[in-house]
Amino acid sequence: MAYDGAAIVLAYLVFTLLRYEDGLTRDVANSAILLGLVAVLAQWGLGSLARLYHGRTTVASLDETLFLSAITATAGMLAGLINAVADPFLVARSVPFGGTFTALFLMLLGRAIWRGYVRRAEVVVDEGGRATLVYGAGDAGRQLVRSMLVTPGSDMRPVGFLDDDRWKQRLRVHGVSVLGGRGDLAAASKTDAELLVIAAPSAGPGLVRDVSNAAREIGLAVKVLPGVGEMLGRRDISIRDVRDIDVQDLLGRGAVETDVAAIAGYVTGKRVLVTGAGGSIGSELCRQLHTYGPAELIMLDRDESALHAVQLALHGKALLDSSEVVLADIRDRSAIDRVFLDREPEVVFHAAALKHLPMLEQYPSEALKTNVLGTANVLEAAAMVGVERFVNISTDKAADPTSVLGYSKRVAERLTAAIAADTSGTYLSVRFGNVLGTRGSVLTSFASQIANGGPVTVTHPEVTRYFMTAQEAVQLVIQAAAIGDDGEVLILDMGEPVRILDVAKQLIAQSGSDVDIVFTGLREGEKLHEHLYGSGETGDRPVHPLVSHVSVPSLRISRVRHEVTETWNSPPEGVVDQLTTWSVAEEGTLAEERELMARQWSGMEA
């Protein structure tokens, strides 16, 4: 307050001297001082009312600058108004206005000098920290560099910024210069930098991959600030936030916004059954569904150890003696019928499946038994007891399939669509790609190979796949079940496809090991690039920004059951041919379907 008061009086005197030059008299000088004191009182009064001088804003911050400018201008107008109504004028009418702006300049200048002094005093010079380049000279990068400078014992010492914004190319922040853009990384590394931190929370996966790969090629270690989703609600960024690049940083999707009310409407208070409950997707489904308060959560699997694990995860104990766990195989039609008749589920998530592509290429009849007939068993049992909502978990390999896995899952989608047309409930499928961290996934395989000293095996240097975390996939599956219509396939947005080679390199870099990468070649039925949509499929997103809706042609279960008798004992080639036929076959007429049903029933009676 004292500084601002002195600035106003000094400004009024200086501007009066400039205005009157040789004509300045003692009376005019006294009048200028008197008017200046009026402005000081107005400044103090308004500043106190607005709590400017009570710590409402940080000194020399943008907020304080705006408040100070508004208060000083108002005080100046009051002084000018008093001068205007005086008869005669106390001083020339230009003095209050010129003095006001001169005073404001002095106030802001003093604060800026104070802020610079305080910041320099906070800097801790520690030459022991690793020389660090920061990619991103935005707000996050600036806060990070400041944290490096003021944190005692910091293991990072900023030596330069990199930013692709050409307007920042000559910028200096906290005494640290912007040395160029992404293309200047090699030149910037001549600062003896050892580390690069990507300080761009909104950066997409492509940028993270490109920058990290370029940095590693010239021998820089790479770390990253968390993404926008993780930083949401945080006001300050510090060196404590810096972490190693995670594989998830390479995936890059928008934040998943779940409509909890819609989910609660069809899950809360309902009897919910999950097949394949012990698997990676099934167990995560059970974990998330449990939080929505179903009346009963029925977990069905043929693997007793898997059921033990999921029950232990949910409750912290697993005695396997409660009715929530059901040991049954979806291949056993009569067992599945008994479970549905006894428990009468209202919502079903069908996650049970065989999923390993090369294994099913060797044993296609197993895919037929589980992924096709097993799905048919569950669908018919659900229709028998009047399930309200049925969700079949599918895969991106069902889009224009080239493998036994893809063919069998495509057939499962078509069977689900057929049941949807004949029942009162809502039956739909949800399609997505690879899930990180699941049993047998590329992530766990690579981690195991690295732990064993390598080599890491990749099928092809350009092979790409869509990836999600189990949490993301299940969250969107549950959401999709709330918004899907009968017979649809809902396709989850997987972001951009990721090169498997990039994932392998990332895991090797994180491990710090010197492990070779060996290319083994694409396996039978394996695609170089997966697609979420098949030929002729076009999806729109009428409800959720990350969920597309497409239609698939139906395939009657009765037709499949009838033709299975001719396929069951066929050699593997015959089974594959039959699966291929079912995946693309046109649906028969109603008369043909009735004839097939009649044959099936006559066969059962015999």
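Pairs K270/K355; K369/K409; K409/K527: which exceed 19 Å Cα-Cα? From K270/K355; K369/K409; K409/K527, over 19 Å: K270/K355.
In the range 321-406, what percent of the accessible surface is made up of carbon and sulfur (1.4 Å probe, ligands and nucleic acids excluded)? Show your work: numbers first, answer last.
On the way: 1480 of 3020 Å².
Of all accessible area on the range 321-406, carbon and sulfur atoms account for 49 percent.
Mean projected area of the convex hull spanned by the Cα atoms of the range 31-157, taken over all viewing directions: 9.8 nm².
Let me have the 222 nm mean residue ellipticity of the chain computed from DSSP H runs of 4+ only, each contributing -39500 (n - 2.57), with the sum over all residues rounded to the nearest 500.
Details: 22 runs with 287 residues, N = 606.
So the calculated ellipticity at 222 nm is -15000 deg cm²/dmol.
Taking every alpha-carbon pair within the chain, the share separated by more than 48 Å comes to 38 percent.
Both the radius of gyration and Dmax for the range 338-495 are 16.9, 56 Å, in that order, over alpha-carbon atoms. For the range 75-116, with all protein chains in place and a probe radius of 1.4 Å, 78% of the accessible heavy-atom surface sits on carbon or sulfur. Calculated accessible area for the chain comes out at 47 Å² per residue, all protein chains present (probe 1.4 Å; ligands, DNA, RNA ignored). Taking all protein chains together, L144, L46 sort by accessible area into L46, L144, largest first [probe 1.4 Å]. For the chain, DSSP calls about 20 percent of its internal beta bridges antiparallel. Only one residue of T395, I478, L320 has its Cα farthest out toward the positive end of the dipole of the chain, where Lys and Arg carry +1 and Asp and Glu -1 on Cβ, and that residue is I478. For K505, which lysines qualify as cross-link partners when the Cα separation must be under 19 Å and same-chain residues fewer than eight apart are set aside? The reachable lysines, counting only those whose Cα sits under 19 Å from K505, are K223. Cα centroid separation, the range 361-426 to the range 16-31: 95 Å. Compute log10 of I(q)/I(0) for the range 1-73 with the Debye formula, placing one identical point scatterer on every Cα and leaving out solvent, at q = 0.12 Å⁻¹, to two decimals. Once normalised to I(0) and log-transformed, intensities are -0.38. The charge dipole of the chain, taken about the Cα centre with unit charges on the Cβ atoms of Lys, Arg (+1) and Asp, Glu (-1), comes to about 2380 debye, rounded to the nearest 20.
Search the structure for amide H atoms under 5 Å from the amide H of Y135, placed 1.01 Å from N in the peptide plane, and list their residues when 5 or more places away or on another chain. Under 5 Å from the amide H of Y135: L162, V197, I198, A199.
The values are calculated or read from the model by the stated rules, or taken from the named source; none is laboratory data. These figures come from a predicted structure and were not determined experimentally. Positions of Cβ are backbone-derived with ideal geometry, glycine not excepted, and every protein chain shown enters the neighbour counts. Please note that ligands, DNA and RNA were not included when accessible areas were found on the heavy atoms of the full protein model with its side chains. Shrake-Rupley method; radii C 1.70, N 1.55, O 1.52, S 1.80 Å.
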